[in-house]
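Asks: Below is the structure I would like to discuss, written out as structure tokens.
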Amino acid sequence: MSIEAASVIDPAPAPAPETPPGRWSGRRVVQVAAGFIALQLVVRGWIAANGYFWQDDFIAAGRAATTPLLSAEFVLYDHDGHFMPAGFLLTGLYTHLWPLQWWPMAVTLVLLQALASLAVWRLLRLLLGDRPVLLAPLLLYLFSPLTLTSYTWWMAALNSLPLQAGLAWVAADAITLLRTGRVRYAVSGTIVFALAMSAFEKSLVIPVVAFAVVALLLREAGDRTPLVSAALRGRYLWVGLVAVGAAWAWAYTSVVGSPAVGEDAAGTVPQAVGLVGNGVFRGLLPGLVGGPLGWAEEGHWAQPPSWLVMAASAIAALAVIWAVRRRQGAGTVWWLVAAYVAANVAALVAGRLTVMTPDILSLSLRYFADSTLVVAIGIALVARAPVRTDFRRREVLAPTERRDVAVVAAVAFLALCLWSTATYTRLWAESSTRDYLATAQASLARSADVPMLDQAVPSEIVWALAHPNNLASRVFGPIENRPEFARTTPDLRLLDASGRMTDGRVKPLRWIQDGPLLNCGHGVSGTGTTAVPLDGPLIPWDWTIQLNYLAGDDGVLDVALDRQAVRVPVAEGPNTVYVRVTGGGDTLHLTSATRGLAVCLDSGAAGTVELAGR
């Protein structure tokens, strides 16, 4: 039996009523909606132009420089529980073509946002037609600051924007398949879902939301078994989505395993309550009315004023109560929206809450970016629902007055959103990352002829917990005009906190003891190994060794603690060389790797590296 034959009740598009005097026509609604999208892209383009790489962006770029682009090691990488082969592939391609250049990312951010915004507009038109009420959920999605923080961070945007675009597109395809019965919408929906899944594991919610939308439309149309009808009439799409989801789940569990935090590291119930409370009441609700207005720490955390938190909570409660009293089925819609938000915060708690997690983590609004779209869909479904027949309508305002109130509310919402966006962008643009990277690249280019010991970059650039991805060799791996990062160098130099190249020195923890040979100290020659005692033991770690030596010729030494040796070039005459070795113990082991080479080691130290000016 065909899909059309299975249809009993067809949820038609929302009717486009005749345009009364003073009311916008469908054409005007289209023009205003297109104008809103254009304005959003202008604003988002300005934000992208003022943005820059941040944290995980350097991790992905560094891996692209050290790992084959099309290898499973690079593409199928477990990135802190995220499985995002499409994002890594795109980042790797850009890194190879334009190493550590921001403009390709900025352009891509705007293009991805345009794709998502157009997909959302398409979905809302299918739900509401070209009626003025369409502008309310569209305005919410386009300008709410809830979608802001996930947009500005490149790696987060590669998760969030494909999810938003995919959710809107697949839901729209599900509706069109329901209305037309054309299987091509099942095919296109399945393809888009596969692309979204390759960008973000959270895209698993797409089939659930699409099915819920179809079932709600059938229920609104009078179908007594909307779940069964939705399953039957969209079966070609659901089969495709389930197949893609199953294949992805196999790949995800093979690479990542369980995304949940282990029991030994999991946080406490009070922590979870704080995380959820902050996220919902100080993050999500203020964001739905244009907040948070203020931000902390370069814009990473929402910081809404108390009055906005209370006002947003009151507005949300009144909006839900009004809709439930006035519209048939509104209660079911809001319950489903609340369930989505609850599942969202539950996933946040399960995947991110450890004993070290601060309760302000949920104030990074990127965790609620997709919730904004789900709320917009909920508003559209309520707006198209029929008025309850048992509701006694009281005309408090005339139609023209209601229109004026709606316009004032839209302007106020847009003003709050733009204020929040401007304050966020100002703080985001104040990040020291751009200046550090520019200064460091110039410094490295001027010193490209001498090897350099590796070092960690400042935690503002890449967190120390991301080691070894926070090493300069990873961060600056994509660029060519730089010194080689090696485990030995005759010139100890460091990048300071601003990125300038400065002299370094070994901060001694242990000293090399005097050797037995007069005017030589410890002699290294032949094929034997010379044991050089330290004045105390070292714990197993990465240590920097300073060797002050006299060599009879150019050659190579092997230097080790209690682990693998490092091959160290030495130059004829009295010189100093610095070696990064891994291991512990109280003895250095030196072996000549060059036939006939004789070296005297008269002094030295083992410790860490610091700036020479300290």
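Just so you know, all these numbers are worked out from the coordinates, no wet-lab data involved. Just so you know, these numbers come straight off a predicted model, no measurement behind them. We place every Cβ from the backbone using ideal geometry, glycine too, and count neighbours over all the protein chains shown.
Asks: Return one number: the angle in degrees, 0 to 90 and rounded to the nearest 10, between the long axis of the Cα atoms of helix 306-326 and the longest principal axis of the Cα atoms of the chain.
Replies: So the inclination is approximately 40 degrees.
Asks: Take every Cα pair under 8 Å in the chain that's 6+ residues apart, average their separations, divide by the length, and report that relative contact order as a whole percent. Walk me through the numbers on the way to the answer.
Replies: Working: 1092 pairs, mean separation 84.1, N = 614.
It rounds to 14 percent for the chain.
Asks: Please list, in order along the range 564-569, the HN-Hα scalar couplings obtained from phi with the Karplus expression 6.51 cos²θ - 1.76 cosθ + 1.60 (θ = phi - 60°), rounded to whole Hz, x for Gly and Pro.
Replies: 4, 6, 10, 7, 10, x
Asks: Something else now. Which Cys residues of the chain have no other Cys beta carbon under 4.7 Å away?
Replies: Lone cysteines by the Cβ rule: Cys417.
Asks: Given contacts defined as C-alpha pairs under 8 Å and at least six residues apart, what's the relative contact order of the range 507-611, whole-number percent? Provide the component values of the computation, followed by the final result.
Replies: Working: 297 pairs, mean separation 44.7, N = 105.
This gives 43 percent for the range 507-611.
Asks: In angstroms, what radius of gyration and Dmax does the range 41-113 have, counting Cα atoms only?
Replies: Values for the range 41-113 (Cα only, Rg and Dmax): 12.6, 37 Å.
Asks: Place the peptides 589-597, 43-51 in order of packing, highest mean first, counting for every residue the other Cβ atoms within 10 Å and averaging per peptide.
Replies: On the way: 589-597: 16.4, 43-51: 19.3.
Descending mean neighbour count gives 43-51, 589-597.
Asks: Amide H of Arg327: which non-local residues (sequence gap of 5 or more, or other chain) have their own amide H closer than 5 Å, using H built in the peptide plane?
Replies: Amide H to amide H, under 5 Å and 5 or more residues apart or across chains, Arg327 pairs with Arg388.
Asks: For labels at Arg182 and Val273 in the simple 7 Å Cα→Cβ model, what's the distance in nm?
Replies: 5.4
Asks: Multiply the residue separation of Leu111 and Ser258 by 0.36 nm, subtract the distance between their alpha-carbon atoms, and state the gained length in nm to one decimal.
Replies: On the way: separation 147, 0.36 × 147 = 52.92 nm, distance 3.28 nm.
Once the chain is fully extended between Leu111 and Ser258, it gains 49.6 nm.
Asks: How large is ³J(HN,Hα) for each residue in the range 129-140, as worked out from phi by the Karplus curve 6.51 cos²θ - 1.76 cosθ + 1.60 (θ = phi - 60°), to whole Hz, x for Gly and Pro?
Replies: x, 8, 9, x, 4, 4, 5, 5, x, 5, 4, 4
Asks: Please sort 276-285, 98-107 by packing, taking for each peptide the average over its residues of neighbouring beta carbons within 10 angstrom, highest first.
Replies: Details: 276-285: 21.5, 98-107: 16.2.
Packing proxy ranking, top to bottom: 276-285, 98-107.
Asks: Now for a separate question. Using the 2.2 N^0.38 Å rule of thumb for compact globular proteins, work out how the chain stacks up: its C-alpha Rg over that value, please. Show your work: numbers first, answer last.
Replies: Numbers: Rg = 30.8 Å, N = 614, 2.2 N^0.38 = 25.2 Å.
Ratio of Cα Rg to 2.2 N^0.38 Å: 1.22.
Asks: With runs of 4+ DSSP H residues as the only contributors, calculate the mean residue ellipticity of the chain at 222 nm using -39,500 (n - 2.57) per run, divided by the residue total and rounded to the nearest 500.
Replies: On the way: 21 runs with 305 residues, N = 614.
So the helix-based figure for the chain works out to -16000 deg cm²/dmol.
Asks: Compute the relative contact order of the range 375-474 as a whole-number percentage, counting only Cα pairs closer than 8 Å that sit 6 or more residues apart in sequence.
Replies: Values: 23 pairs, mean separation 14.5, N = 100.
Relative CO of the range 375-474 lands at 15 percent.
Asks: Quick check of the Kirkwood formula: for the range 55-212, what is the inverse mean of 1/r over all pairs of different Cα atoms, in Å?
Replies: It works out to 16.7 Å.
Asks: Using the Karplus curve 6.51 cos²θ - 1.76 cosθ + 1.60 with θ = phi - 60°, work out ³J(HN,Hα) for each residue of the range 375-387 in order, rounded to whole Hz, and write x for Gly and Pro.
Replies: Taking θ as phi minus 60°, the curve returns 5, 4, 5, x, 4, 5, 5, 5, 5, 8, 5, x, 5 Hz for the range 375-387.
Asks: Then there's this: For all pairs of alpha-carbon atoms in the range 507-611, what percent lies in each bin of width 5 Å, listed from the first bin to the last filled one?
Replies: Cα pair-distance distribution for the range 507-611, in percent: 3, 14, 26, 27, 19, 9, 2, 0.
Asks: I need the Kirkwood Rh of the range 265-393: take the reciprocal of the average 1/r across all distinct C-alpha pairs and report it in angstrom.
Replies: Working: mean 1/r = 0.0636 Å⁻¹.
Final number for the Kirkwood radius of the range 265-393 is 15.7 Å.
Asks: What FRET efficiency do you get for Asp542 and Trp103 if R0 is 35 Å and r is their Cβ-Cβ distance, rounded to the nearest 0.05?
Replies: On the way: r = 36 Å, r/R0 = 1.04.
Once the sixth-power term is evaluated, E becomes 0.45.
Asks: Roughly speaking, what is the stretch gain from Leu318 to Arg426, that is 0.36 nm per residue apart minus the C-alpha to C-alpha distance, in nm to one decimal?
Replies: Result: 35.5 nm gained on full extension.
Asks: Assuming 0.36 nm per residue, please report the length gained on full extension of the stretch Arg326 to Glu484 beyond their Cα-Cα distance. Working shown, then result.
Replies: Details: separation 158, 0.36 × 158 = 56.88 nm, distance 6.97 nm.
Length gained, Arg326 through Glu484: 49.9 nm.
Asks: For the pair Ala311 and Arg388, how long in nm is the line joining their label points, each one 7 Å along Cα→Cβ?
Replies: Simple spin-label model gives 2.9 nm for this pair.
Asks: Arranged from highest to lowest average of other beta-carbon atoms within 10 Å per residue, in what order do the peptides 123-133, 80-90 appear?
Replies: Most protected by this proxy first, the peptides run 123-133, 80-90.
Asks: Then there is this: Using a Förster distance of 35 angstrom, determine the FRET efficiency expected from the C-beta separation of Glu572 and Ser459, and round it to 0.05.
Replies: Values: r = 41 Å, r/R0 = 1.18.
Given R0 = 35 Å and the Cβ-Cβ separation, E is 0.25.
Asks: For the residues Val566, Val599, what sequence is obtained by ranking on other C-beta atoms within 10 Å, fewest first?
Replies: Values: Val566 18, Val599 24.
Ascending number of Cβ neighbours within 10 Å: Val566, Val599.
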